[in-house]
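Colleague: Would you mind keeping the following structure in view while I ask a few things?
The values are calculated or read from the model by the stated rules, or taken from the named source; none is laboratory data. Just so you know, these numbers come straight off a predicted model, no measurement behind them. Positions of Cβ are generated from backbone atoms using ideal geometry, with glycine treated the same way; all protein chains shown enter the neighbour counts.
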Amino acid sequence: MSAPHAAVSLAGVGKTFGKGAVRALEDIDLAIAPGEFVSLIGPSGCGKSTLLRIVGDLIQPSVGDVIVNGKPAHRARLDHDYGIVFQSAVLYDWRTVTKNISLPLELLGWSRGRRNERVREMVELVELSGFESHHPWQLSGGMQQRVSIARALSFDPALLLMDEPFGALDEMTRERLNMELLRIWERSGSTIVFVTHSIPEAVFLSTRVVVMSPRPGRIAGIVEIDLPQPRGAETREQPRFFELVTEVRERLAGSGAATAPTEPALVTEERV
Amino acid sequence: MAAIASRRAAPAVGDGRARALLDRAALLVVVLAAIWAVWEGFRWIGIRTELTWPFPVNDVTMPRLHEIVGQLFEPSRVNGPLLIDVLLDAALFTAREAAVGFFLGSAIGFGLAVVLVHSRLLQRGFLPYIVASQTVPILAIAPMVVVGLGSKGVTGWVAVAILAAYLTFFPVAINTLRGLQSADPRALELMHSYAASRWTILWRLRVPASMPYVFSALKISATASIVGAIIGEAPSSIQEGLGGAILNFNQYYSLEPRNLWATNIVAAALGITFFLVVAGAERVVVRRAPENVA
């Protein structure tokens, strides 16, 4: 059932909140291979954020098995097998950029020297050199989210869970951070599970897009994204990109999950 | 790039600080002048119009302000030390009671909040009694505490410090509890994702997040501890503190009202000093976006 080599393996996972009143997720089966970039996409209420938290052992599933890195999700959490990034950066106001990035390293008991060295690498990776001693409120939203990503990656987790990390950012910042995230993903070789409600973002980033439908949340379909790697600005202009965007959108519509199309999706219609 | 920017910004920031300090000093002068003007103005009108309501105005009810201040530098009795020396000694004595009470009360309040934040049951069980404790007038329990502890051989000023703690712990407990609960739920999830223990979450997240709340409580408690100490001295028949001085000068008020007023000024100055010390500590401890400082 759970292949030993899978980074994440979900089997028959379901979640009901309250006394069976709200069925948030039902019959979720999904295996994610190491090194994959998988996006979960769907309208609000489809349980994609809940599913991400179940993988992270932050919420317990009502039924089903969750295997992360070949072990139960609970064990994986205790072993620090994943880093997580939320829609808001969730930085500690009382800590500088450096101190925020090193928070998990402190909790893991790393020595000061080792922490400093790793934080330096991370600051470079997310291109925040010169802002090490700034406090979060002195940074723009995009910069805050970069700190949050650096913090999640600082202890080198095999898995990165991202819950609409760029949802609160403007379109230009979002596209730039999309590029940076791909670069980081290529360099770190980690597995990424990415929750979003932006179709172009999901297609641009992912190796696979999992389309979900609401009430109860189910997997309505999986779209393989066969765009060549590495991807860049020109990827967004390839005809195949638009075909895939359309395919994901149709899957969403077909699942009864039609939502107001996002602006980039409208642009695609004109072009295709 | 950022380094250059901050270096360029530095002189402007320095200017801003000097400017802010100057503004503050000017504001202080203006406020003091306004208080003086209102006092003397009311007095002048009251005497001219032979005001009887809300109280008759004369040299006993409202001495001249400069005479009250001047009284500080007169001998407190024939061939005795200056009044200000007597009052400063008394203030120091009361300050010791208040400071011990403040630290004791703050520690108890903080500890209580830490326990309560971890247990809904205890919170529901205990909170009403904590609130009720503050509805008991301190004047009613002061003699009990002083006599009770006195019979156990506890010196008077320690008993007064405990009374000051009684007034201090409450705002600290209530505000710290709120502060400990103020941590962003996402930040708690983040800590869980690191498999952080309760203890780690408490010290790395809840306590730092609570600091703005704790300090707004400490500022209240700093002045409350002095009120507690002064009131506590009265039924304890402790003569060395400001409470003793107030009782004493109160008896001779119709003969020499300026002594009591001068004592009030010293008591107020002591309260302001306590407040400023806490506010100064806050500036050092709380590193927070300006708009988030409670």
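Colleague: How about the range A:67-118: which of its residues are among the basic types (Lys, Arg) and within 27 Å of A:Gly167 (Cβ to Cβ)?
Modeller: A:Arg77, A:Arg95, A:Lys99
Colleague: Moving on to the next point. When you scan the range A:171-264 for helices (runs of 4 or more DSSP H) that lie fully inside it, which ones turn up with 2 or more residues that are of a type in the set (S, T, N, Q)? Steps first, answer last, please.
Modeller: Working: elements: A:171-188, A:199-205, A:239-254.
In the range A:171-264, A:171-188 are the helices (runs of 4 or more DSSP H) which contain 2 or more residues that are of a type in the set (S, T, N, Q).
Colleague: Before we move on, is B:Phe215 within 14 Å of chain A (Cβ to nearest Cβ), assigned to a helix (DSSP H, G or I) and touching a residue at least 60 places away in the same chain (Cβ under 8 Å)?
Modeller: Criteria met by B:Phe215.
Colleague: Residue check: is B:Ser210 crowded, with 20+ Cβ neighbours inside 10 Å, part of a helix (DSSP H, G or I) and in contact with a Pro (Cβ under 7 Å, 6 or more places away or on another chain)? If you could, list the steps in order and put the result at the bottom.
Modeller: Values: crowded, with 20+ Cβ neighbours inside 10 Å: yes; part of a helix (DSSP H, G or I): yes; in contact with a Pro (Cβ under 7 Å, 6 or more places away or on another chain): no.
Judged against the criteria, B:Ser210 is not a match.
Okay, residues lined up against (1) modelled with pLDDT of 85 or more; (2) closer than 21 Å to A:Arg77 by Cα:
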residue: A:Lys19; (1), (2): no, no
residue: A:Val22; (1), (2): no, no
residue: A:Asp27; (1), (2): yes, no
residue: A:Ala31; (1), (2): yes, yes
residue: A:Val38; (1), (2): yes, yes
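Colleague: Then there is this: Considering only the range A:120-140, state which residues are at the interface with another protein chain (Cβ under 8 Å from one of its Cβ atoms) and at positive phi.
Modeller: A:Gly130, the sole residue that qualifies.
So that you can scan it fast, the table gives a plain yes or no per residue for (1) among the polar types (S, T, N, Q); (2) closer than 30 Å to A:Val55 by Cα:
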residue	(1), (2)
B:Leu180	no, yes
B:Arg186	no, yes
B:Leu190	no, yes
B:Ser193	yes, yes
B:Trp199	no, yes
B:Leu218	no, no
B:Ser221	yes, no
B:Val227	no, no
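Colleague: Based on this model, can you work out whether A:Ser88 counts as more than 14 Å from chain B (Cβ to nearest Cβ) and within 16 Å of the chain's Cα centre (by Cα)?
Modeller: no
Colleague: Is it the case, given these coordinates, that B:Val160 is aliphatic (A, V, I, L, M) and part of a loop (DSSP other than H, G, I, E, B)?
Modeller: Working: aliphatic (A, V, I, L, M): yes; part of a loop (DSSP other than H, G, I, E, B): no.
Answer is no for this residue.
Colleague: Sticking with this structure for a sec: Name every residue in the range A:99-113 that is more than 10 Å from every other protein chain (Cβ to nearest Cβ), within 20 Å of B:Arg204 (Cα to Cα) and exposed (fewer than 15 other Cβ atoms within 10 Å of the Cβ), in order of residue number.
Modeller: Correct list: A:Gly109, A:Ser111, A:Arg112.
Colleague: So, one more: Confirm whether B:Ala262 is surrounded by 24 or more Cβ atoms within 10 Å (Cβ to Cβ) and within 21 Å of B:Leu82 (Cβ to Cβ).
Modeller: Criteria met by B:Ala262.
Colleague: Another question, then. What are the pairs, 6+ residues apart or on separate chains, where a residue within the range A:91-104 that is within 16 Å of A:Gln138 (Cα to Cα) has its Cβ under 7 Å from a residue that is part of a loop (DSSP other than H, G, I, E, B) and among the aromatic types (Phe, Trp, Tyr)?
Modeller: Between residues of the range A:91-104 that are within 16 Å of A:Gln138 (Cα to Cα) and residues that are part of a loop (DSSP other than H, G, I, E, B) and among the aromatic types (Phe, Trp, Tyr), the close pairs are A:Val97/A:Phe131; A:Asn100/A:Tyr92.
Colleague: Is there a residue being over 15 Å from B:Glu256 (Cα atoms), assigned to a loop (DSSP other than H, G, I, E, B) and within 29 Å of the chain's Cα centre (by Cα) anywhere in the range B:45-63? Write out each step before concluding.
Modeller: Quick first cut of the range B:45-63, residues over 15 Å from B:Glu256 (Cα atoms) only: B:45-57.
Pick out the ones that are also assigned to a loop (DSSP other than H, G, I, E, B) and you get B:49-57.
The next check asks that each one be within 29 Å of the chain's Cα centre (by Cα); those that pass are none.
There is no residue in the range B:45-63 that is over 15 Å from B:Glu256 (Cα atoms), assigned to a loop (DSSP other than H, G, I, E, B) and within 29 Å of the chain's Cα centre (by Cα).
Colleague: When the residues of the range B:183-207 are narrowed to those that are crowded, with 17+ Cβ neighbours inside 10 Å, in a helix (DSSP H, G or I) and not aliphatic (A, V, I, L, M), which ends up farthest from the other protein chains (Cβ to nearest Cβ)?
Modeller: Out of the qualifying residues, it is B:Arg206.
Colleague: Regarding the range B:273-288, can at least one residue be identified that is within 13 Å of chain A (Cβ to nearest Cβ), free of Cβ contacts under 8 Å to residues at least 12 places away in the same chain and not in a helix (DSSP H, G or I)?
Modeller: Within the range B:273-288, one or more residues are within 13 Å of chain A (Cβ to nearest Cβ), free of Cβ contacts under 8 Å to residues at least 12 places away in the same chain and not in a helix (DSSP H, G or I).
Colleague: Let me ask something else. Out of B:Leu112, B:Leu92, B:Leu116, B:Leu104, report the one residue that is under 20 Å from B:Asn259 (Cα atoms), part of a helix (DSSP H, G or I) and in the same structural domain as B:Phe169 (by TED's automatic domain parsing).
Modeller: B:Leu92
Colleague: Please go through the range A:40-55 and pick out each residue that is within 13 Å of A:Val8 (Cα to Cα) and surrounded by 24 or more Cβ atoms within 10 Å (Cβ to Cβ).
Modeller: Of everything in the range A:40-55, those that are within 13 Å of A:Val8 (Cα to Cα) and surrounded by 24 or more Cβ atoms within 10 Å (Cβ to Cβ) turn out to be A:Leu51, A:Ile54, A:Val55.
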